[in-house]
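Down below is the structure, laid out as structure tokens.
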Amino acid sequence: MMKQTKEAPHESFKKKIIFFLIFLLINPTLTGCWDTNEPERMVYVHGLGVDYEDDKYNVYLQIVNPSLLAKSEAAAGGETDTKVVVGRGTGETINEAIYDAYRSSQRHIFWGHLSFIVFSEKLLKKKDGLKATVDMFDRYRETRYRILMYSTKEPLFQLLTALPPLEMSTALSRLSDPKATYRQSSLIRPISLRELLIGLNEPPHVVAIPYVGLSQNHTWETDKKQIKTIEVIGVSFITDSALKETFTIEEVEGLKWMNEDLIREDLRLRNDLSNINVIIDNIRIKKQLFIKNEKIHFKITIEVLAKLREIVQKERLNKIERETEKLLKSQIHQTFLTGLKNNLDIYRLSEVVYRKDIKEWQAIEHNGKIPLTEDSLEIFTHVKLINGEKQRRNPTLE
């Protein structure tokens, strides 16, 4: 057998020196997050309101404490210490207003959890007011493109201090978590910062964002007091430079039926069928363009699956289907006319031409928008009632 040779002492010492030098080189990279802020030592901006008054920008920072949020969830509806705190800053620019708020903050402010921004009507009407705000938060490294966009005429301090009922956290409010209610009633589709930027950069360079306010007719009550909650009351159409127009939900009823992301919405029939309600939760929209009398026209086909939700007297199902089709067509057409009166391409038909016939769009567009008339749109609706046969076609009590 061969004998193992022993390593020379100087070779062993040389290896130890090499290992020690490597350790010294690697050690600084293993120091961890030595320059980060500890979570409990920061405050977190959950929502932001932006206003413009007396030639100055006003920002309202809605602050949420994560430790209190966790406590609220653990308490399962009991009394908690979770409250909303709103800080304010003022300046001649958005950045200056935010730094004004920094001066009175007691802790480092973190923007990575910013969920929504609410613009006042005054801010949106100011030339480039929206552009200044979006540019500021698009550049900042902590913010994300998922931030939701809203408009309002309410005083921002009152809006941002409105708490959800049952002592729920502000993280579960209508502004920060709109999808919870949108799944049940798809009135106006929530718009994120990403979608806003895409819409403003695509023809016709106008985007619809939800218009919110404090409830007036839908006040909730507890055993101690009345509660005003936040609700969507309309829609604002904005460009990159200013507010175009704001409508109530009743003024643009057809807008929801032209929303391919619609999840669920009710429709009450009229005239002799006014005691019948249907739920629409499946909608398919097809947009086609064609030339007629040397002008561009559009054919919109809406295919709908509907469910009987309320019926108190016996009625033929095919009649309900036909009346539903008429009402859908009427609401879509009236909303289109409302847009024309306000010089708005409310259904973004200019984008349809831009996508399908770029040469034609280039020949007729002006500032991204194509000319539209009352005759530009033909609407066809097809409604099929489901779950309306033997067990649902007649009233429960007869």
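The values are calculated or read from the model by the stated rules, or taken from the named source; none is laboratory data. Note that the structure is predicted; figures quoted are calculated from it, not measured. Cβ sites come from the backbone with ideal geometry, for glycine too, and all protein chains shown count toward neighbours. Ligands, DNA and RNA are stripped out before the accessible areas are found, and what is left, the full protein with its side chains, is counted by its heavy atoms. Shrake-Rupley method; radii C 1.70, N 1.55, O 1.52, S 1.80 Å.
Could you size up the charge dipole of the chain around its Cα centre, putting +1 on the beta carbon of Lys and Arg and -1 on that of Asp and Glu, and report it in debye to the nearest 20?
1220
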>> Using a Cα-Cα cut-off of under 22 Å, which lysines could be cross-linked to Lys314, ignoring same-chain neighbours fewer than 8 residues away?
In response: Lys326, Lys384, Lys390
>> Using the basic label-point model (7 angstrom from Cα toward the beta carbon), what is the Glu221 to Ser241 distance in nanometres?
In response: 5.1
> Taking the structure as given and computing volume of the Cα convex hull per residue in Å³, which label from (1) 325; (2) 140; (3) 218 fits?
Replying inline: (1)
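Only sites in a loop by DSSP and with at most 10 other Cβ atoms within 10 Å count here; which GluC sites (Glu not before Pro) in the range 205-309 make the cut? Please list the in-between numbers first.
Numbers: sites: Glu221, Glu231, Glu245, Glu250, Glu251, Glu253, Glu260, Glu265, Glu294, Glu303; in loops: Glu260, Glu294.
In loop regions of the range 205-309 (DSSP not H, G, I, E or B), the sparsely surrounded GluC sites (Glu not before Pro) are Glu260, Glu294.
Tell me, what % of the accessible area of the chain is carbon and sulfur with a 1.4 angstrom probe?
Values: 11900 of 23640 Å².
The nonpolar share, carbon plus sulfur, comes to 50 percent.
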>> Suppose every Lys and Arg Cβ carries +1 and every Asp and Glu Cβ carries -1, with no other charges. What dipole size does the range 299-354 come out with about its Cα centre, to the nearest 20 debye?
In response: 200
> Where the centre of each part is set by its Cα atoms, how far does the range 82-106 sit from the range 117-191, in angstrom?
Replying inline: 17
> For the chain, what is the accessible area per residue in Å², given a 1.4 Å probe and the full set of protein chains?
Replying inline: 59
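For Ile18 and Lys131, calculate 0.36 nm times their separation in residues minus their Cα-Cα distance, and state this gained length in nm to one decimal.
On the way: separation 113, 0.36 × 113 = 40.68 nm, distance 5.78 nm.
Going from the current span to full extension adds 34.9 nm.
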